[in-house]
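J.: Take this structure first; my questions come after.
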Amino acid sequence: MTLPLPKFTWPRSDAAAQEILGWAIDEFGSGLAICTSFQASGSVILDMAARLVGGDINVFSIDTGRLHEETYQLISQIRRRYGIVIELVPPDADELGSMLTLHGPNLFYESPAKRKLCCEIRKVRPLQRRLATLDAWVTGLRRDQDGGRERTEPVAIDEEHGGIVKLAPLAGWSNEQVFAYARERDVPLHPLYAQGYPSIGCQPCTRKVEAGEDSRAGRWWWEKDVDKECGMHLGMRGQMRREVDVLLDEVLPARRPFAVK
């Protein structure tokens, strides 16, 4: 499917992150929201937005129900610091209950497909529902991150989410630039960074990394030869997609071809 090009003037490809963010705020207004998991890039973007418009910006985060307590503490700190209202988007209660009843609370340890199912119910589907209400969203993705993000563009059409605009103002930034900005402006950062967690997700699925390991090694560390992605930014393909769809059909009866209404 070829999506129509939106009718606006794109920012320059070499525009500064603040310029891209300011353009998006002006262009989309209330149809724009920042999505953050409160890692360093997201916190930097929140600081930039607050400097541009104060607390008058839509911000949301996917609350999986299994986050670290330190993440919730950081959310409270950011609320106080910037006066930003942060919407926490939970999984659908019926979908979550069905998955837990069928597979138990720690299904993600049993197989890659069940781990992907857990991410689908707790992260991907809540994100899809929230994005369906927006014209554009802002993420903290960067090209220097692992997991196929090397082609991240600062502004792009998000074909996986209905053709809305997806912005990554820090796409060209390095990890060092992110933390330098945070130090210079005293941006609140996740306390688990200081404890050896360079990438922070749900509490059961995240561990510290050892010397020499890449930044995503602490995510779903028990899995071998499986991409370290949850599906929020890079969708599943091929056999894994088919396996997860079979599990989803069991968890979500409405997906079945001949489901009783």
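J.: Considering each of T71, T64 in turn, give the residue that is surrounded by 13 or more Cβ atoms within 10 Å (Cβ to Cβ), within 25 Å of R237 (Cα to Cα) and either at pLDDT below 95 or within 19 Å of the chain's Cα centre (by Cα) (or both).
T.: T64
J.: Which is outside any loop (DSSP other than H, G, I, E, B) and closer than 30 Å to Q239 by Cα, of A113, A182, A194? Step through it out loud before you land on a result.
T.: Numbers: A182 fails: closer than 30 Å to Q239 by Cα; A194 fails: closer than 30 Å to Q239 by Cα.
Exactly one of A113, A182, A194 is outside any loop (DSSP other than H, G, I, E, B) and closer than 30 Å to Q239 by Cα, namely A113.
J.: Quick one: would you say E159 is farther than 15 Å from T36 by Cβ, charged (D, E, K, R), touching a residue at least 12 places away in the same chain (Cβ under 8 Å) and crowded, with 19+ Cβ neighbours inside 10 Å? Reasoning before the result, please.
T.: Working: farther than 15 Å from T36 by Cβ: yes; charged (D, E, K, R): yes; touching a residue at least 12 places away in the same chain (Cβ under 8 Å): yes; crowded, with 19+ Cβ neighbours inside 10 Å: no.
Spelling it out, it is not the case that E159 is farther than 15 Å from T36 by Cβ, charged (D, E, K, R), touching a residue at least 12 places away in the same chain (Cβ under 8 Å) and crowded, with 19+ Cβ neighbours inside 10 Å.
J.: In region 104-119, which residues are touching a His at 6+ places or on another chain (Cβ under 9 Å) and surrounded by fewer than 17 Cβ atoms within 10 Å (Cβ to Cβ)?
T.: Matches in region 104-119: E110 only.
J.: Being part of a loop (DSSP other than H, G, I, E, B), free of Cβ contacts under 8 Å to residues at least 40 places away in the same chain and closer than 17 Å to C119 by Cβ, is that true of even one residue in region 243-260?
T.: Initially, region 243-260 is screened for residues part of a loop (DSSP other than H, G, I, E, B), giving 252, 256-260.
Among the residues that remain, those that are also free of Cβ contacts under 8 Å to residues at least 40 places away in the same chain are: 256-260.
Going one step further and asking which of them are closer than 17 Å to C119 by Cβ, we end up with none.
Checking region 243-260: not a single residue is part of a loop (DSSP other than H, G, I, E, B), free of Cβ contacts under 8 Å to residues at least 40 places away in the same chain and closer than 17 Å to C119 by Cβ.
J.: Also: Among the candidates R183, R122, R151, R143, which residue alone is farther than 18 Å from G31 by Cα, of a type in the set (D, E, K, R), under 16 Å from the mean Cα position of the chain (by Cα) and surrounded by fewer than 19 Cβ atoms within 10 Å (Cβ to Cβ)?
T.: Working: R183 fails: under 16 Å from the mean Cα position of the chain (by Cα); R122 fails: surrounded by fewer than 19 Cβ atoms within 10 Å (Cβ to Cβ); R151 fails: under 16 Å from the mean Cα position of the chain (by Cα).
Every option except R143 fails the conditions.
J.: Write out, first by first residue and then by second, each pair whose Cβ atoms fall under 8 Å of each other, whose residues are 6+ apart or on separate chains, and whose first residue, in region 187-215, is touching a residue at least 40 places away in the same chain (Cβ under 8 Å) and within 20 Å of I45 (Cβ to Cβ) while the second is outside any loop (DSSP other than H, G, I, E, B) and among the basic types (K, R).
T.: Correct list of pairs: P188/R81; S199/R219; G201/R219.
The values are calculated or read from the model by the stated rules, or taken from the named source; none is laboratory data. From a predicted model like this one, the values you see are computed outputs, not experimental measurements. We place every Cβ from the backbone using ideal geometry, glycine too, and count neighbours over all the protein chains shown.
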